[in-house]
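Any read-out appearing in this document is the output of simple, stated calculations on the displayed coordinates, not a laboratory observation. Note that the structure is a prediction, hence the values are computed from the model and not measured. Glycine gets a Cβ as well: all are built from the backbone with ideal geometry, and neighbour counts include every protein chain shown.
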Amino acid sequence: MGWVMLALIAATVAALLVVLRVPRLLWSLVGSFLMLGAAGYAWQGEPKLRGEPVAAEQIKLPPDPTYLDLRNKMFGRFGGESMYFGISDVALGMGKTEFAARVITGGVDYAPKNAALWSELGNVIALHDHGLVSPASLFAYQQAMRVAPDHPGPPFFLGWAYVRTGQLAAARPYWVRALALSPPGTEHRDEIAKRLALLDDYIARAKASR
């Protein structure tokens with residue numbers, strides 16, 4: 001059964017590569033990722049054993065469901081970048097931050113005007129740099145904002161990265177900008193407004209306690 005599932009996964013990925021028009025230069029990267037998984041299964045897999053739950057600590061960087069949901073709401077989930085996101089998310093879940101960065105970089109090389117890919121590159125680089133908004137991460141976010149200056153996604157996720165490191169004051173202007181760029185009635189506007197209100201409340205409480 002295990003080998004059947006691997007074959008189905010490989011066939012699905014191959015179809016997505018064609019449908020989503022992923023550049024052929026990246027096909028070998030995707031193939032190597034699948035072969036790595038297959039090799040690990042061949043080496044250690046025992047399909048006759050009963051399934052056992054995997055301990056949470058074995059997954060170093062599980063994708064944040066809230067982050068993924070907001071990314072889908074702002075950038076969509078069926079665009080040309082979705083294949084890159086999917087592979088990168090799996091790599092991050094395995095703690096392979098460098099591999100994830102290479103995947104998203106491949107997407108940026110193929111579609112240099114795709115703000116979603118630039119924004120995600122900023123996120124992946126930050127995770128690779130131990131969660132910090134490093135100069136390389138900041139550059140990617142800024143490039144996303146240059147490519148799509150009227151899109152709320154890049155400033156919001158840059159603010160998210162700052163919040164993740166506890167730099168709340170640095171995050172606030174980006175969330176304010178993201179809210180201003182979100183038209184009334186859009187699905188993500190309420191999400192941004194809610195988080196901005198919580199951020200302001202937290203900052204106010206921190207100042208009052210000094």
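Annotations for the structure displayed:
- Residue match in the range 107-117 (condition: in a helix (DSSP H, G or I) and over 18 Å from the mean Cα position of the chain (by Cα)): no
- Scope the range 73-106; condition surrounded by 21 or more Cβ atoms within 10 Å (Cβ to Cβ), without any contact (Cβ under 8 Å) to a residue 40 or more places away in the chain and part of a helix (DSSP H, G or I); matching residues: 85, 88, 92, 100, 101, 104
- Selection from the range 89-126 of residues that are touching a Phe, Trp or Tyr at 6+ places or on another chain (Cβ under 8 Å), farther than 11 Å from residue 140 by Cα and small (Gly, Ala, Ser): 91, 106, 107
- Considering only residues in the range 163-179 that are within 20 Å of the chain's Cα centre (by Cα) and within 13 Å of residue 196 (Cα to Cα), the one that is surrounded by the fewest Cβ atoms within 10 Å (Cβ to Cβ) turns out to be 163.
- Just so you know, in the range 136-155 the residues that are without any contact (Cβ under 8 Å) to a residue 24 or more places away in the chain and under 20 Å from residue 182 (Cβ atoms) include one that is surrounded by the most Cβ atoms within 10 Å (Cβ to Cβ), and it is 141.
- Output for the range 171-191, where each listed residue is assigned to a helix (DSSP H, G or I), in contact with a Gly (Cβ under 9 Å, 6 or more places away or on another chain) and touching a residue at least 24 places away in the same chain (Cβ under 8 Å): 171, 172, 175, 177, 178
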